[in-house]
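Visitor: The following block contains the structure, expressed as structure tokens.
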Amino acid sequence: MKIELQDVSKRFGKKRALDGLTLSIDTGVYGLLGPNGAGKTTLMRCLLGRYECSGGSILVDGQKMGKHHSLSAHCGYLPQSFDFFHELTCREVLAYFCALKKIPRRQWSEEANRCLRVVNLLGEEKKKVGALSGGMRRRLGIAQALLGDPPLLIFDEPTAGLDPEERMRFKNIVAEVKGGRTILISTHIVDDIDVVCDHILVISQGRLLASGKKEAICRCAQGLVYCLPRNLQKNLVGDWSLENIFEEGGEEWIRILSSEPQPCQAVAPNLEDGYFSLVREVSSWRPDGSSLG
């Protein structure tokens, strides 16, 4: 499934949530990266037809999306929060979504079992949602998105609030179901998409900053990343931004981004470096690294 956005904008009163977005996604796993408030959720709701675009157009396999041609019937969607239906069992929740998706009733049980198996909840189907852990509820949300075997999956902040084990489970689920599908994963957690995504989209303030494979996004920070012992921090010059503090060889080190040459060796950038170099305005950096709190 190919989806094209052409100069898409969305306003809420005077606030512009999307500002002339032009991009294209096709079969594969796409990571939509951006800080909170970047417009990620608004973009997803426009794709789902829940918001009407203020300007521009969205094409689905070459046809302009509208009332008679939307993505909803071909899409499985996991919202930011899947924390409802507390009094229903897992199986009852999936039956409800089977009905919404107009899946023939005779297929409900088999389809529910298939999706529960994928998310490792088979055997828990009689539990009420209110008795599930946060991670299990998210997996149930993924299961409902998989019902009907849709060609498009949209996951909005799927790992928010999850522990490392559940985040790893999510990555494994994506790896299992991605074949032949278009998957769009929205997050501000770079590590969640570093391994599983084929393509990265970076947006901020409703605008597309970069689009490409992981290596291309990494190159956006080429020559801007430095590592040095923390006790040499006083030697840094100009504006720089603290990214990370870590220990190596019994000594504290810092990893920084700087648009100015520093008196230490630059290191190879990773995806997080590339992302931060794109979304941080130089004017917001602080010489003491305080922009990171």
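Visitor: If we count every other residue with Cβ under 12 angstrom of Ile3's Cβ, Lys/Arg +1 and Asp/Glu -1, where does the sum land?
Guide: Details: positive: Lys2, Lys64; negative: Glu4, Asp26, Asp61.
It works out to a net charge of -1.
Visitor: Just one of (1) 0.94; (2) 1.03; (3) 0.98 is Rg/Rh (Cα atoms, Kirkwood Rh) calculated from these coordinates, so which is it?
Guide: Checking each listed value against the structure points to (2).
Visitor: Gly55's amide H: which non-local residues (gap 5+, or another chain) put their own amide H closer than 5 Å, with H modeled 1.01 Å from N in plane and none for Pro or chain starts?
Guide: Answer set, sorted by chain and number: Ser9.
Visitor: In addition: For segment 175-189, take each phi angle, set θ = phi - 60°, evaluate the Karplus expression 6.51 cos²θ - 1.76 cosθ + 1.60, and give the result in whole Hz per residue in order, putting x for glycine and proline.
Guide: For segment 175-189, the Karplus-derived couplings read 4, 6, 9, 6, x, x, 9, 9, 10, 10, 10, 9, 6, 10, 9 Hz, x marking Gly and Pro.
Visitor: Give me the distance between the Cα centres of segment 94-129 and segment 203-227, rounded to whole Å.
Guide: Going from one Cα centre to the other spans 40 Å.
Visitor: Now for a separate question. Can you sort Glu157, Glu4, Glu260 from fewest to most other Cβ atoms within 10 Å of each residue's own Cβ?
Guide: On the way: Glu157 21, Glu4 18, Glu260 11.
Ordered from fewest to most neighbouring Cβ atoms within 10 Å, Glu157, Glu4, Glu260 come out as Glu260, Glu4, Glu157.
Visitor: Okay, moving on. Would you list which lysines come within 23 Å of Lys15, measuring only between C-alpha atoms, while excluding same-chain residues fewer than 8 positions from it?
Guide: Lys40
Visitor: List the residues whose amide H sits under 5 Å from the amide H of Gly37, counting only those 5 or more places along or on another chain, with H placed 1.01 Å from N in the peptide plane.
Guide: Those lying under 5 Å, H to H, from Gly37: there are none.
Visitor: Please state the relative contact order of segment 116-268 as a whole percent: Cα pairs under 8 Å, 6+ residues apart? Intermediate results must be reported in sequence, preceding the final value.
Guide: Values: 174 pairs, mean separation 23.3, N = 153.
Relative contact order of segment 116-268: 15 percent.
Visitor: Can you list residues whose amide H is under 5 Å from Thr22's amide H, if they're 5+ apart or on another chain and H is modeled 1.01 Å from N?
Guide: Asp7, Val8, Leu208
Visitor: Here is a further query. Take peptides 194-207, 90-103 and line them up by average Cβ neighbours within 10 Å, highest first, as a rough protection proxy. List each step's numbers first, then the result.
Guide: Details: 194-207: 19.7, 90-103: 17.8.
Averaged packing, sorted descending, gives the order 194-207, 90-103.
Visitor: Return the subset of Lys214/Lys234; Lys128/Lys213; Lys101/Lys171 for which the Cα-Cα distance in this structure is over 29 Å, preserving the input order. Before the final figure, lay out each step's value.
Guide: Details: Lys214/Lys234 33 Å; Lys128/Lys213 41 Å; Lys101/Lys171 25 Å.
With Cα atoms farther than 29 Å apart: Lys214/Lys234; Lys128/Lys213.
Visitor: Tell me, what ³J(HN,Hα) does each residue in segment 256-263 have, in order and in whole Hz, if you take phi through Karplus 6.51 cos²θ - 1.76 cosθ + 1.60 with θ = phi - 60° and put x for Gly and Pro?
Guide: 10, 10, 8, 7, 10, x, 10, x
Visitor: Could you run the Karplus curve 6.51 cos²θ - 1.76 cosθ + 1.60 with θ = phi - 60° over segment 211-217 and give me ³J(HN,Hα) per residue in whole Hz, x for Gly and Pro?
Guide: 8, x, 6, 3, 4, 5, 5
Visitor: Starting from segment 110-198, pick out the trypsin sites (Lys or Arg not before Pro) whose DSSP state is loop and whose Cβ has at most 12 other Cβ atoms within 10 Å.
Guide: Numbers: sites: Arg114, Arg117, Lys126, Lys127, Lys128, Arg137, Arg138, Arg139, Arg167, Arg169, Lys171, Lys178, Arg181; in loops: Lys126, Lys127, Lys178, Arg181.
Of the trypsin sites (Lys or Arg not before Pro), the ones in loops of segment 110-198 whose Cβ has at most 12 other Cβ atoms within 10 Å are Lys126.
Visitor: Right, something else. If I take every Cα pair under 8 Å that is 6 or more residues apart in segment 3-212, average their sequence separation and divide by the length, what percent do I get for the relative contact order? Working shown, then result.
Guide: Numbers: 387 pairs, mean separation 68.3, N = 210.
Dividing the mean separation by the residue count of segment 3-212 yields 33 percent.
Visitor: Counting alpha carbon pairs within less than 8 Å and at least 6 residues apart, what relative contact order, in whole percent, applies to segment 228-278?
Guide: It rounds to 35 percent for segment 228-278.
Readers should treat all values here as calculations from the given coordinates under stated rules, not as data from a laboratory. Computed from a predicted structure; not experimentally measured. Counting neighbours? That spans all protein chains shown, and the Cβs are built from the backbone with ideal geometry, glycine included.
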